[in-house]
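The values are calculated or read from the model by the stated rules, or taken from the named source; none is laboratory data. Computed from a predicted model, the values in this text were never measured in an experiment. FYI the Cβ positions are ideal-geometry reconstructions off the backbone, even for glycines, and counts take in every protein chain you see.
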Amino acid sequence: MRRLEHFPNLVAMFLARAAEKGDAPFLWHKPAGDWVPISWRVVAEHVVSLTAGLKAIGLKPGDRVMLVSENRPEWCISDLAIMAAGCITVPAYTTNTERDHLHIIENSGASVVIVSSAKLARTLLPAAIRSSTVRAVIGIEDIRPGQPGALDFHRWADVIAAHACGPETIAATARREDTACIIYTSGTGGAPRGVMQHHGAILHNVAATSAIISEDFGWDDEVFLSFLPLSHAYEHTAGQHLPIGLGAQIYYAEGIEKLAANISEVRPTIMVVVPRLFEVLRARITKEIEKQGGVAPWLLDRALAIGTKRYHGESSVLDRPVDLLLGATLRPKIAKRFGGRLKAMVSGGAPLTPEVGVFFDSLGLTLMQGYGQTESAPVVSCNRPSVGLQMDTVGPPLADTEVRIAEDGEILVRGELVMHGYWRNPEESARVLQNGWLHTGDIGLIDAKGRIKITDRKKDIIVNDKGDNVAPQRVEGMLTLQPEIAQAMIYGDRRPYMVALIVPDPEWTQQWCAANGDPCNFARLAENSEYRTIIGHAVERVNRDLSVIERVRRYVLAEEPFSIENGQLTPSLKIRRHVLRDVYGERLDALYRS
């Protein structure tokens, strides 16, 4: 059993692994149809050279550097170099709008931005130019800035080449309590808040999760396939820094559409995933087995029946012959689809439906569910075979992590993994950090085996099926600014996209009826295609200013306005989401099926 050493900062951990691994492959990408490796030694050389280049541009310790890029080797190199220069990485989603970028730049005070491509620069550069803080842009690819202006433009490769130096020139002086990155996550008020993750918080997560791998599976030559956005705290820690701590190889997937092929090619040992992927794979596997016909569907049915009984502690010796048959036929075929050497898939970022977990466990694949949030770097707990993979729990807390349940049922967390606060937001920091405890906003309990079970959420944040956070109040507020819409509720928890429940504005509706000679019978209006089209145009106007994950794809019209009298508004005029879900839940769910 191997334990991770105690490191003063994330850069020191990387340099230690690079010194050990030398010319062994580290980062893999597929630029022209074939997987190409970059060794630990070369990555280290790029990191120290880029560090020198960032300092030459004028960056000082504590400065913020915004990073906008798809998952690729340059993301990891840039992140490490920023921290090695004593600066703070500010990751941003590639799906952000210009307004999102401007908010993050202005709030973080980023003075330099690193962007991967001309495509991503189209929304980033206008924000950088409008900002009061950015003075330089580094393009990983040629971004063609056009007419020179107030910003200095640099090519990523040129910065590295001009400051080439060896690893011995770098001094990783950051302390565990120093801020490593500011990761922006949506708050209940809508404006993204910058979570200050310090080196020690991420290192705590890396040490604790690597211990689970070592104790439950054995720590070997691990291979990770990275496909969740590195701007997300989950992938940043578990998909980048954990592999570094393990001395593992990281392959960067070509995209979600090629993920199945990449899994077969890469043959990962550990996969960091979100529930949506499992749901897609479950549907695909089931459909393919049903198409095969013959004995295959029967084998699947038996596997699920035996797996369900085992999950509920109802295993029978009578199942053993069929279980042995499954172990010789169906399960090896499923394992081969996932590369044949997969130790575990770890689900996080959003709640996992227990039935999905049982499905994969029945087919012989180990599926572990974790729990956490950006404010905890982000992992708080994780299911593990040695404790029992109870799919309706999220496992016991990580090592050196305290969890307790408050009197109102809220889950509280304490330990080095907890953030030091929100950047430039002392009021919100004081609200969620009290006496050293992080108030998660989640309601839960701890079972007899010490495993956490999430039962509800105090906060209104929607978490989609990919683990992205959506602040409903922000989108709802933008919808109700449209003259056609009086009230709205966004819906989409654990779902692939947002839908909405909309109350049309009565005054606008009366005007529309008068102009169109309609008697204004609302039941009939709800079926009027012209009326619905105009409301749809209003939704589309709002969508233009929303990020991809926030956009409302479909909607239903409410039967009546939300009011205190019908119980759909509180006395302070806030919408009662649980009441509206009870009334309209089936119709909203139907929007994902039709």
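Checking each residue of the stretch 439-447 against the condition of being part of a loop (DSSP other than H, G, I, E, B), hydrophobic (A, V, I, L, M, F, W, C) and modelled with pLDDT under 95 gives no match.
The sole residue among L481, L557 that is more than 29 Å from H439 (Cα to Cα) and touching a Lys or Arg at 6+ places or on another chain (Cβ under 8 Å) is L557.
Suppose the filter is surrounded by fewer than 24 Cβ atoms within 10 Å (Cβ to Cβ), assigned to a helix (DSSP H, G or I), in contact with a Ser or Thr (Cβ under 9 Å, 6 or more places away or on another chain) and touching a residue at least 60 places away in the same chain (Cβ under 8 Å); does D79 pass it? Lay out the reasoning, then the answer.
Working: surrounded by fewer than 24 Cβ atoms within 10 Å (Cβ to Cβ): no; assigned to a helix (DSSP H, G or I): yes; in contact with a Ser or Thr (Cβ under 9 Å, 6 or more places away or on another chain): yes; touching a residue at least 60 places away in the same chain (Cβ under 8 Å): yes.
So D79 fails the test.
In the stretch 67-75, is there at least one residue being assigned to a helix (DSSP H, G or I), in contact (Cβ under 8 Å) with a residue 12 or more places away in the chain and out of contact with any His (no Cβ under 9 Å at 6 or more places or on another chain)? For the stretch 67-75, residues assigned to a helix (DSSP H, G or I), in contact (Cβ under 8 Å) with a residue 12 or more places away in the chain and out of contact with any His (no Cβ under 9 Å at 6 or more places or on another chain): present.
Please determine whether any residue of the stretch 414-435 is under 28 Å from R495 (Cβ atoms), within 20 Å of the chain's Cα centre (by Cα) and assigned to a strand (DSSP E or B). Checked against the condition, which is being under 28 Å from R495 (Cβ atoms), within 20 Å of the chain's Cα centre (by Cα) and assigned to a strand (DSSP E or B), the stretch 414-435 yields at least one hit.
Condition check for P268 on (1) surrounded by 14 or more Cβ atoms within 10 Å (Cβ to Cβ); (2) in a helix (DSSP H, G or I); (3) in contact (Cβ under 8 Å) with a residue 12 or more places away in the chain: one failure, at (2).
Residue pairs whose Cβ atoms lie under 8 Å apart, sitting 6 or more positions apart in sequence or on different chains, and linking a residue in the stretch 455-467 that is on the phi > 0 side of the Ramachandran plot and in contact (Cβ under 8 Å) with a residue 40 or more places away in the chain to a partner that is hydrophobic (A, V, I, L, M, F, W, C) and part of a loop (DSSP other than H, G, I, E, B), are G467/L228; G467/V274; G467/A350.
Quick check, is A399 within 25 Å of R176 (Cβ to Cβ) and assigned to a loop (DSSP other than H, G, I, E, B)?
On the way: within 25 Å of R176 (Cβ to Cβ): yes; assigned to a loop (DSSP other than H, G, I, E, B): yes.
The answer is yes for A399.
Taken over the stretch 519-545, the criterion of being modelled with pLDDT under 95, closer than 18 Å to L557 by Cα and among the acidic types (D, E) is satisfied by E527, E530. From the list I160, I104, exactly one residue is over 30 Å from R474 (Cα atoms), touching a residue at least 40 places away in the same chain (Cβ under 8 Å), in a helix (DSSP H, G or I) and of a type in the set (A, V, I, L, M, F, W, C). Which is it? Checking each option against the conditions leaves just I160. Taken over the stretch 9-38, the residue count meeting the criterion of being of a type in the set (A, V, I, L, M), surrounded by 14 or more Cβ atoms within 10 Å (Cβ to Cβ) and not in a loop (DSSP other than H, G, I, E, B) is 9.
Residue pairs whose Cβ atoms lie under 9 Å apart, separated by 6 or more positions or on different chains, with the first residue in the stretch 330-350 and farther than 13 Å from I270 by Cα and the second of a type in the set (F, W, Y) and assigned to a helix (DSSP H, G or I), are I334/F360; G348/Y234; G349/Y234. Considering the conditions (1) of a type outside the set (A, V, I, L, M, F, W, C); (2) modelled with pLDDT under 95; (3) outside any strand (DSSP E or B), T455 is excluded by exactly one of them, (3). Which residues, taken from the stretch 460-485, are modelled with pLDDT of 85 or more, basic (K, R) and out of contact with any helix residue (DSSP H, G or I) (no Cβ under 9 Å at 6 or more places or on another chain)? None; the set is empty. The sole residue among A344, A335 that is modelled with pLDDT of 90 or more, crowded, with 19+ Cβ neighbours inside 10 Å and out of contact with any helix residue (DSSP H, G or I) (no Cβ under 6 Å at 6 or more places or on another chain) is A344. All conditions in (1) under 22 Å from R553 (Cβ atoms); (2) surrounded by fewer than 20 Cβ atoms within 10 Å (Cβ to Cβ); (3) touching a residue at least 40 places away in the same chain (Cβ under 8 Å); (4) within 32 Å of the chain's Cα centre (by Cα) hold for K449, with the sole exception of (1).
Look at I564 and say whether it is under 17 Å from I490 (Cβ atoms) and either assigned by TED's automatic domain parsing to the domain that holds L501 or among the β-branched types (V, I, T) (or both).
Working: under 17 Å from I490 (Cβ atoms): no; either assigned by TED's automatic domain parsing to the domain that holds L501 or among the β-branched types (V, I, T) (or both): yes.
So I564 does not fit the description; no.
Kindly check whether there is at least one residue in the stretch 51-65 that is within 23 Å of the chain's Cα centre (by Cα), over 13 Å from V11 (Cβ atoms) and buried (at least 20 other Cβ atoms within 10 Å of the Cβ). Checking the stretch 51-65: at least one residue is within 23 Å of the chain's Cα centre (by Cα), over 13 Å from V11 (Cβ atoms) and buried (at least 20 other Cβ atoms within 10 Å of the Cβ).
For the stretch 83-101, a residue qualifies if it is in a loop (DSSP other than H, G, I, E, B), aliphatic (A, V, I, L, M) and more than 21 Å from the chain's Cα centre (by Cα), and exactly one does: A85.
Of the residues A136, A110, A127, the single one that is more than 17 Å from D79 (Cβ to Cβ), of a type in the set (A, V, I, L, M, F, W, C), touching a residue at least 24 places away in the same chain (Cβ under 8 Å) and crowded, with 23+ Cβ neighbours inside 10 Å is A127.
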